[in-house]
Amino acid sequence: MRWKDGRRSDNVEDRRGQSAGYSAAGAAPLLLRFLPAMIRSRTGRVILVVGVLAIFGGKLLGIDVLSLFLGGGGATVAGQASREFSQQEQQLADFVSVVLADTEDTWGAVFRQQGGVYREPTLVLFSGRVNSACGLASAAVGPFYCPGDQKLYIDLSFFNDLSQRHGAPGDFAQAYVVAHEVGHHVQTLLGISQQVQAAGRGRSAAEVNALSVRQELQADCFAGLWGHAANQQRQLLDPGDLEEALRAATAIGDDRLQREAGGRVVPDSFTHGTSAQRVAWFRRGFESGELAACDTFAADAL
């Protein structure tokens, strides 16, 4: 991809190197539990006043004193990571920022054409594990989108797994992953995710999985739609980039992953679609560049 001259997004939150063992929301009940006893005790009142002053003083300096007090890990400055990163790590963070910015341009234009306004998501970079509105998540779950806070979460080490373990190297393969998660954000803004959730209530596990497959394949198609715009409107793609994305889609198909895990292929357990389906729907979005082409829920066959 010809990305280095591209615009960088302002919507990247770098939490790499920070501990995810604490969240203010999770700590609040604990503090409230002991607050009455602290107020009744003279010593407790002194500790409380000193603590409040420390927290507000820390905020002025950009330091999260509360997370230190509650065991949240080493000192970090607000909005910054707590360790130095290699040139390769920084370049990868820079790359995903450019990809995110380009999806913002694409979806901003699509929503304007539809008479709407695109609300840009935030991309959170983390290492190891991360707190989100959807709960505490490990890097083992892979990149994910949380509709509760409308943020994308990714541990950049996933790209090493994509290349080495799944045999899908290349920058456009990585861009496809980011664009797929952005596709879930688009589904949230359009109300599709909410409709899928409502449709799954009271259904069997197999029926819920079938709905999930259609939702995931649509996100693949939306990723392809972004790729179409990046290629046709901004000429960001190099020869071979499309093949990189298709290899990635093939590598993470449910049937392929189940075979690699040494188990038998169980279609009723699929949640993302087969390799062939993921390739087909990404290609459909890439070739058409049309939102209407990505209606997986109206398709008789996937």
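Read-outs: derived from the displayed coordinates by stated rules, not from any lab. Please read all numbers here as calculations on a predicted model, not as lab measurements. Using ideal geometry, Cβ is built from the backbone for each residue, glycine included, and neighbour counts are taken over all protein chains shown.
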- Put in order of increasing Cβ neighbours within 10 Å, starting from the fewest, Trp3, Trp226 give Trp3, Trp226
- Message: I'd like the Karplus ³J(HN,Hα) series for the range 206-211: coefficients 6.51, -1.76, 1.60, θ = phi - 60°, whole numbers in Hz, and an x wherever there's a Gly or Pro.
- Response: 5, 5, 5, 4, 5, 5
- Query: Mind ordering 237-249, 175-187 by average Cβ neighbours within 10 Å, highest first?
  - Reply: 175-187, 237-249
- Query: Between Gln232 and Arg112, what is the FRET efficiency for a Förster distance of 22 Å, r being their Cβ-Cβ separation, to the nearest 0.05?
  - Reply: 0.80
- Largest first and in whole Å, give the semi-axes of the range 130-210's equivalent ellipsoid, each being the square root of 5 times a Cα gyration tensor eigenvalue. 26, 15, 14
- Item | In sequence order, calculated HN-Hα J values of the range 228-245 (Karplus, 6.51, -1.76, 1.60; Hz; x Gly/Pro) | 4, 5, 4, 7, 7, 8, 10, 6, 8, 8, 9, x, x, 5, 4, 4, 4, 5
- For Glu13, distant residues with modelled amide H under 5 Å away: Leu123, Val124, Leu125
- Mind checking the full-extension length gain between Ser157 and Lys4? Use 0.36 nm per residue of separation minus the Cα-Cα distance, one decimal, nm. 53.0 nm
- Per-residue HN-Hα couplings for the range 177-188 [Karplus 6.51, -1.76, 1.60; θ = phi - 60°; Hz; x = Gly/Pro]: 4, 4, 5, 5, 5, 4, x, 5, 5, 4, 4, 5
- Residue separation between Glu243 and Glu207 times 0.36 nm, minus their alpha-carbon distance, gives in nm 9.7 nm
